[in-house]
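The values are calculated or read from the model by the stated rules, or taken from the named source; none is laboratory data. All values derive from a computational prediction rather than experimental measurement. Cβ placement follows ideal geometry from the backbone for every residue including glycine, while neighbour counts extend to all protein chains displayed.
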Amino acid sequence: MNVIGIIPARLGASRFPGKPLEKMLGMPMVGHCYHRTHLAPGIDNTYVATCDEAIADYIRSIGGNAVMTSVKHTRATTRTAEALEIIEKETGKRVDIVVMVQGDEPLISPETIGATVCRFDDDSVDIVNVMSRLQTLEAFEDHNNVKVVVDINSNALYFSREAIPSPWKGWEHIPRYMQTGIIAFRRDTLIAFNSMEETSLEQIESVDMNRVLETGGKIRMTLTESQTIGVDTREELIAAEKLLRLDSVVEKYLAV
């Protein structure tokens, strides 16, 4: 099975422009994402998909693989799908599984990334999305954090930037899960996703995985107990850097 990791990254993010090249412990954030994906068990090759030459130049400078994609993408998944097609054309090899790791997830562990791959041993699974627990009411209500509710089989029911399930009876004892930017696809599922028009709930919530649910698809959620921070603000960058100082994985690649 040919499994690749693709990290979509661009400098023009509306909430935090330029964040992929913002330094954490002296290394651009996208560099941390690249190395941690490259270290993940089960990942054969890792690529960064970008429309910015500055990001591509940096990735190539550390010996990584960069794929130039269109500037028109508004979703990380569509950028990833374009990169997949380019990679297959350039390598002449068909890909079986694509693990997309957002370029603003510098704390994600290689083991968490790799754990998505084994979920495809179940033939009924076409998409796997990692989720983590939200520990505070502030984080639960923060619109920067995408919340997800799941069924008894850990399939996603809905994604929202609102606090779901409703905390109107109290929030402490309800399941509070946050979607992370680690989403794995079977190759044909990602291609099919990229061919569909955006849906209304996707646009309302600004969450592309709602496109899958709204059109009748399934997404298997897998829980990580590791702390994750999707960096959308400078404050989150500072908080993530503090946690990186205590992270043993960093030692495996900062000396490279």
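Among the residues of the stretch 18-53 satisfying the criterion of being of a type in the set (G, A, S) and in a loop (DSSP other than H, G, I, E, B), which is farthest from S226 (Cα to Cα)?
Filtering the stretch 18-53 down to residues of a type in the set (G, A, S) leaves 18, 26, 31, 40, 42, 49.
Within this subset, residues satisfying the condition of being in a loop (DSSP other than H, G, I, E, B) are 18, 26, 40, 42.
Working: G18: 26, G26: 23, A40: 15, G42: 19 Å.
Here the answer is G18.
Is it true that some residue in the stretch 89-104 is among the aliphatic types (A, V, I, L, M) and surrounded by fewer than 20 Cβ atoms within 10 Å (Cβ to Cβ)?
Within the stretch 89-104 (the criterion being among the aliphatic types (A, V, I, L, M) and surrounded by fewer than 20 Cβ atoms within 10 Å (Cβ to Cβ)), the answer is no, since none of the residues qualifies.
Within the stretch 93-124, which residues are within 18 Å of K252 (Cβ to Cβ) and not in a loop (DSSP other than H, G, I, E, B)?
Result: V101, P110, E111, T112, I113, G114, A115.
How many residues are modelled with pLDDT of 95 or more and assigned to a strand (DSSP E or B) when one looks only at the stretch 188-233?
4
May I ask you to list the residues in the stretch 202-235 that are without any contact (Cβ under 8 Å) to a residue 12 or more places away in the chain and among the charged types (D, E, K, R)?
Kept after step one, since they are without any contact (Cβ under 8 Å) to a residue 12 or more places away in the chain, are these residues of the stretch 202-235: 203-204, 216, 235.
If the condition is that a residue be without any contact (Cβ under 8 Å) to a residue 12 or more places away in the chain and among the charged types (D, E, K, R), then E235 is the only one that fits.
Mind checking which pairs have a first residue in the stretch 133-147 that is within 20 Å of S206 (Cα to Cα) and at pLDDT 95 or above and a second that is of a type in the set (D, E) and crowded, with 16+ Cβ neighbours inside 10 Å, Cβ under 8 Å, 6 or more apart or different chains?
V146/E205
Test each condition in (1) at pLDDT 95 or above; (2) part of a loop (DSSP other than H, G, I, E, B) for E90 and report the one that comes out false.
Result: E90 fails condition (2) only.
So in the stretch 179-210, with the set limited to residues that are more than 19 Å from V146 (Cα to Cα) and polar (S, T, N, Q), which one is surrounded by the fewest Cβ atoms within 10 Å (Cβ to Cβ)?
The residue in question is S195.
Could you please tell me which pairs satisfy a Cβ distance under 7 Å, a separation of 6+ or placement on different chains, a first residue in the stretch 103-120 that is farther than 14 Å from G181 by Cβ, and a second residue that is in a helix (DSSP H, G or I) and not acidic (D, E)?
Matching pairs, first to second residue: P110/R36; P110/V249.
Is it the case that some residue within the stretch 126-134 is part of a loop (DSSP other than H, G, I, E, B), of a type outside the set (D, E, K, R) and in contact with a Pro (Cβ under 7 Å, 6 or more places away or on another chain)?
No, there is no match, as no residue in the stretch 126-134 is part of a loop (DSSP other than H, G, I, E, B), of a type outside the set (D, E, K, R) and in contact with a Pro (Cβ under 7 Å, 6 or more places away or on another chain).
Pick from T69, T74: which is over 14 Å from R187 (Cα atoms) and crowded, with 19+ Cβ neighbours inside 10 Å?
T69
Could you figure out which of (1) closer than 18 Å to T180 by Cβ; (2) in a helix (DSSP H, G or I) isn't true of Y58?
So Y58 meets the others, but not (1).
If I go through the stretch 1-17 residue by residue, how many of them are part of a loop (DSSP other than H, G, I, E, B) and either surrounded by 22 or more Cβ atoms within 10 Å (Cβ to Cβ) or hydroxyl-bearing (S, T, Y) (or both)? Break it down stepwise before answering.
Initially, the stretch 1-17 is screened for residues part of a loop (DSSP other than H, G, I, E, B), giving 1-2, 10-17.
Okay, now just the ones that are also either surrounded by 22 or more Cβ atoms within 10 Å (Cβ to Cβ) or hydroxyl-bearing (S, T, Y) (or both), so 14.
Of the residues in that region, 1 qualify.
Quick one: V149 ticks every box in (1) over 25 Å from V99 (Cβ atoms); (2) touching a Phe, Trp or Tyr at 6+ places or on another chain (Cβ under 7 Å) bar one, so which box is it?
(1)
Can you tell me which of (1) under 22 Å from S70 (Cβ atoms); (2) touching a residue at least 60 places away in the same chain (Cβ under 8 Å); (3) of a type outside the set (A, V, I, L, M, F, W, C); (4) surrounded by fewer than 16 Cβ atoms within 10 Å (Cβ to Cβ) is the one P20 doesn't meet?
Against the list (1) under 22 Å from S70 (Cβ atoms); (2) touching a residue at least 60 places away in the same chain (Cβ under 8 Å); (3) of a type outside the set (A, V, I, L, M, F, W, C); (4) surrounded by fewer than 16 Cβ atoms within 10 Å (Cβ to Cβ), P20 comes up short only on (4).
Counting only residues that are over 18 Å from S14 (Cβ atoms) and touching a Lys or Arg at 6+ places or on another chain (Cβ under 6 Å), how many does the stretch 70-87 have?
Of the residues in the stretch 70-87, 0 are over 18 Å from S14 (Cβ atoms) and touching a Lys or Arg at 6+ places or on another chain (Cβ under 6 Å).
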